[in-house]
1. For the range 6-55 and the range 71-111, write down the distance between their C-alpha centroids in whole Å.
2. For the range 71-77, take each phi angle, set θ = phi - 60°, evaluate the Karplus expression 6.51 cos²θ - 1.76 cosθ + 1.60, and give the result in whole Hz per residue in order, putting x for glycine and proline.
3. Probe of 1.4 angstrom, ligands and nucleic acids ignored: what's the accessible area per residue over the range 1-104, in square angstrom?
4. Using modelled amide H (1.01 Å from N, peptide plane; none on Pro or chain starts), what sits under 5 Å from the amide H of residue 48, excluding residues fewer than 5 places away?
5. Treat every Asp and Glu Cβ in the range 1-77 as -1 and every Lys and Arg Cβ as +1, leave all other atoms uncharged, and give the resulting dipole magnitude about the Cα centre to the nearest 20 debye.
6. Calculate the dipole size of the chain relative to its Cα centre from +1 charges on Lys and Arg beta carbons and -1 charges on Asp and Glu beta carbons; express the result in debye to the nearest 20.
7. With all protein chains present, calculate the accessible area of residue 114 using a 1.4 Å probe and round the result to the nearest 10 Å².
8. Rounded to whole Hz and in sequence order, give me ³J(HN,Hα) for the range 48-53 from the Karplus expression 6.51 cos²θ - 1.76 cosθ + 1.60, θ = phi - 60°, writing x for Gly and Pro.
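The values are calculated or read from the model by the stated rules, or taken from the named source; none is laboratory data. These figures come from a predicted structure and were not determined experimentally. All Cβ positions, glycine included, derive from the backbone under ideal geometry; neighbour counts span all protein chains shown. SASA here: full protein model, heavy atoms, side chains in, ligands and nucleic acids out. Shrake-Rupley method; radii C 1.70, N 1.55, O 1.52, S 1.80 Å.
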Amino acid sequence: VTDAAVTGVDDAATLRRGFTLYPRGVMAVAAVVDGVSTGLAVSAFVSVSLDPPLMLICVDKASSTWPTLSRAGSIGVSVIAEDQAWLGRQLASRRVDRFAGADFEERPAGALLLAGSVARFETTVETVHDGGDHLMVLLRVVDMAGDPDTAPLLWHDSTFMSVAPLNAG
Ligand SMILES: Cc1cc2nc3c(=O)[nH]c(=O)nc-3n(C[C@H](O)[C@H](O)[C@H](O)COP(=O)(O)O)c2cc1C
């Protein structure tokens with residue numbers, strides 16, 4: 001492929017951009033571990049299986065948060081709403097309190113579920129698989145709540161966007 005703006009797999013930054021040309025939602029992956037709210041923003045998400053109920057997230061092996069988060073009794077995965085874009089950015093920041101100003105509900109086993117999000121999944125870690133420089137974390141869904149009328153945040157071309165129905169109006 002030559003007549004494209006972004007080409008090649010040799011340069012990591014270029015490939016990262018290419019991967020973000022697949023539009024996705026943004027998840028708040030979070031739990032309380034040893035009394036501390038812990039989490040990160042994740043866009044690498046796939047629904048995998050209905051029976052058993054499984055979903056997949058991919059986490060950078062360089063993540064400083066995952067080794068702690070993986071010890072949680074349960075992990076919340078919330079689909080961030082359009083009006084929560086600020087939180088999507090904050091949950092990836094290294095400099096600020098990632099949970100400042102955010103409204104999470106803590107489940108008994110530790111999962112943090114984001115109030116006002118599009119969908120909230122309470123999960124436990126099923127298995128962890130090698131995925132190159134990332135870990136492929138298979139999560140078992142133990143509970144779910146969703147609000148289809150809430151507008152989701154979209155991550156496309158490394159930019160936050162909003163979703164609009166085709167032929168709207
Ligand atoms: C929109 C968005 C999507 C992200 N998706 C992922 C992802 O799928 N996997 C991942 O490991 N990190 C992802 N990140 C980066 C993490 O949120 C976080 O910044 C990174 O893990 C470094 O912080 P840590 O060392 O605390 O883990 C994403 C960040 C943003 C802003």
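1. Between the Cα centres of the range 6-55 and the range 71-111 lies a distance of 14 Å.
2. 8, 5, x, 8, 10, x, 10
3. For the range 1-104, the per-residue accessible area is 57 Å².
4. The list, which skips near neighbours in sequence, is 54, 55, 56.
5. 140 debye
6. 320 debye
7. That residue has around 0 Å² of solvent-accessible surface.
8. Values, residue by residue: 10, 9, 8, 9, x, x Hz.
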